[in-house]
1. Please verify whether LEU63 is surrounded by 24 or more Cβ atoms within 10 Å (Cβ to Cβ) and either part of a helix (DSSP H, G or I) or not basic (Lys, Arg) (or both), treating the condition exactly as stated.
2. Taking segment 152-161, which residues are part of a helix (DSSP H, G or I) and not hydrophobic (A, V, I, L, M, F, W, C)?
3. Checking HIS55 against (1) within 14 Å of ARG28 (Cα to Cα); (2) part of a loop (DSSP other than H, G, I, E, B), only one condition comes out false. Which one?
4. Residues in segment 94-107: is at least one in contact (Cβ under 8 Å) with a residue 60 or more places away in the chain and crowded, with 21+ Cβ neighbours inside 10 Å?
5. I'd like the full set of residues that are surrounded by 15 or more Cβ atoms within 10 Å (Cβ to Cβ) and either outside any loop (DSSP other than H, G, I, E, B) or in contact with an Asp or Glu (Cβ under 9 Å, 6 or more places away or on another chain) (or both), limited to segment 15-27.
6. Which of the residues spanning segment 112-151 are within 20 Å of ARG29 (Cβ to Cβ), of a type outside the set (Val, Ile, Thr) and part of a helix (DSSP H, G or I)?
7. Give the residue that is farthest from the chain's Cα centre (by Cα), with candidates limited to residues of segment 33-64 that are among the charged types (D, E, K, R) and more than 18 Å from LYS106 (Cα to Cα).
8. Provide a single number: the residues in segment 29-74 that are without any contact (Cβ under 8 Å) to a residue 24 or more places away in the chain and over 16 Å from TYR169 (Cβ atoms).
Amino acid sequence: MSYEPSSWHELPAPLQPLVTPAQLVSLRRYAELLQEWNQRVNLVSRRDIGQVWEHHIVPSLLLVLWRRFPAGAQVLDLGTGGGLPGIPLAIVHPETRFLLLDSTRKKVEAVTAMVAELGLSARCRVQWSRAETLTARFPFVVGRAVAPLPQVLRWAERLLDPQGTLYYYTGEPWPAPPPPWQTTWLAFREKMPQTPYPRL
């Protein structure tokens, strides 16, 4: 089924069974907050902010069409920017903990305020830091438009548990990762041919 956005508050049909009504309310509020904060801090491209739902919220959620994080697990959102994909994923994973990391202080302040207003502070920590300074390891790392894939893999190599998994949102063309990385491409277009992010 293709994704043809008719309203910025609607979810495409494949996602609807995976998001509760209360979570949808939180996602809508997050979209509003992201627009509001973007007037003060450059969290996403200003030419793209009018399509924040279609271009940022929905693409961040597409991972749940294939994978759900287990209850009690901790997920690192590497280079969260305006809270993407971490905040949408946290909203639909109510029993999972998230660390939202970014090296830009103003972005961290904005994300901290949004996390608090959305009632996520108990399980979503926001940290102003560079990836190179973290010493903890995580079973799951996510990232979206952070850096070229080779750089993201260098960070993830330090930050992942030995059997951990990195989920990196990227478009075409996608470079082949170096050994010993094992890769599975999750093609978003298999679920929604019109989504602007074809691969994970």
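1. Values: surrounded by 24 or more Cβ atoms within 10 Å (Cβ to Cβ): no; either part of a helix (DSSP H, G or I) or not basic (Lys, Arg) (or both): yes.
In short, no.
2. Answer for segment 152-161, where residues must be part of a helix (DSSP H, G or I) and not hydrophobic (A, V, I, L, M, F, W, C): ARG154, GLU157, ARG158.
3. (2)
4. Yes, segment 94-107 contains a residue that is in contact (Cβ under 8 Å) with a residue 60 or more places away in the chain and crowded, with 21+ Cβ neighbours inside 10 Å.
5. Within segment 15-27, the first condition is being surrounded by 15 or more Cβ atoms within 10 Å (Cβ to Cβ), and the residues that meet it are 15, 19, 23-24, 26-27.
LEU15, GLN23, LEU24, SER26, LEU27 - these are the residues of segment 15-27 that are surrounded by 15 or more Cβ atoms within 10 Å (Cβ to Cβ) and either outside any loop (DSSP other than H, G, I, E, B) or in contact with an Asp or Glu (Cβ under 9 Å, 6 or more places away or on another chain) (or both).
6. Within segment 112-151, ALA113, MET114, ALA116, GLU117 meet the criteria.
7. From segment 33-64, those among the charged types (D, E, K, R) are 36, 40, 46-48, 54; that's our starting set.
Of the ones still in play, those that are also more than 18 Å from LYS106 (Cα to Cα) are 47-48, 54.
Values: ARG47: 20, ASP48: 17, GLU54: 14 Å.
My answer is ARG47.
8. Looking only at segment 29-74, we keep the residues that are without any contact (Cβ under 8 Å) to a residue 24 or more places away in the chain, and these are 32, 35-36, 39, 42, 45-50.
Going one step further and asking which of them are over 16 Å from TYR169 (Cβ atoms), we end up with 32, 35-36, 39, 42, 46-47, 49-50.
Residues meeting the conditions: 9.
The values are calculated or read from the model by the stated rules, or taken from the named source; none is laboratory data. None of these values were measured; they are calculated from a predicted model. Every residue, glycine as well, gets a Cβ built from its backbone with ideal geometry; the counts of neighbours run over all protein chains shown.
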